[in-house]
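See structure below.
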Amino acid sequence: MDVITISRQLGSLGFQVGKEVAQRLNYQLVWRDLINQAAIRAGAPEVALAMFDEFNLLGIAPSPRQFADYIRVVGQVIKELADAGKIVIIGRAGQVLLADDPRVLHVRVVAPYQDRIERVAVSRGISVESAQAQVQASDRARKNYLRRFYQVNWEDPDLYDLVLNTGRISVATAAESICLTARVQESAIETSQSDQEEMH
């Protein structure tokens, strides 16, 4: 399996996990550049700004048509990247867009609510109250994104092959678990393909 998607909660260290997985496997890491690329191709760069603006601080309101074009292009970009392989895709509904691709490992990274708040407060140098508000807003935005555009529940475990809790395991352990699973699954797929060829 040479394509890995990572869905993460704010404060779960999911980005750090994805980055380490990409480094260990020597895969390309795709994150915000995907958003910018898709928005430019859709002719709607303001949609990219709106996607970053989880807390609606900028007051940007792209039209439904602009959002639809953006979502369509995001899907195209993700599928093109997956076809090339050797990639870790963070966010943007990769677990839905590539759900039927046997080459893809879908991972969700979570952590206990209080741990997430404390991590956000420390990493962003803000109060616990502000961090709590950001965590809540981020969860709401990510959940709404998948429900609105793909009609799925972001928290549905059936969307994922692995769910890792960084409240209980380290970033390094989470990354190693993902790498090991990807290697084992890839080996199983190759063995299955080889067996099928021998039967013909």
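The table below lists the values:
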read-out: 0 to 90° range, to nearest 10: angle between helix 113-124 axis and the chain longest Cα axis; value: 70 degrees
read-out: Degrees separating the helix 14-25 axis from the principal Cα axis of the chain, which is the longest one; value: 30 degrees
read-out: Packing-based exposure ordering (other Cβ within 10 Å, fewest first) of Y27, Y70; value: Y27, Y70
read-out: Value at 222 nm in deg cm²/dmol, rounded to 500, when DSSP H runs of n ≥ 4 in the chain each add -39,500 (n - 2.57); value: -19500 deg cm²/dmol
read-out: Residue order, fewest to most surrounding Cβ atoms within 10 angstrom, among E20, E118; value: E118, E20
read-out: Order of T173, T5, T181, T166 - criterion: other Cβ atoms within 10 Å of each residue's Cβ, fewest first; value: T173, T181, T166, T5
read-out: Using alpha-carbon coordinates, inclination of helix 171-199 to the longest axis of the chain, degrees; value: 40 degrees
read-out: Only Lys, Arg (+1) and Asp, Glu (-1) charged, at Cβ; the chain dipole about Cα centre in debye; value: 800 debye
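Read-outs: derived from the displayed coordinates by stated rules, not from any lab. The structure displayed is predicted, hence computed values, not measured ones. Glycine gets a Cβ as well: all are built from the backbone with ideal geometry, and neighbour counts include every protein chain shown.
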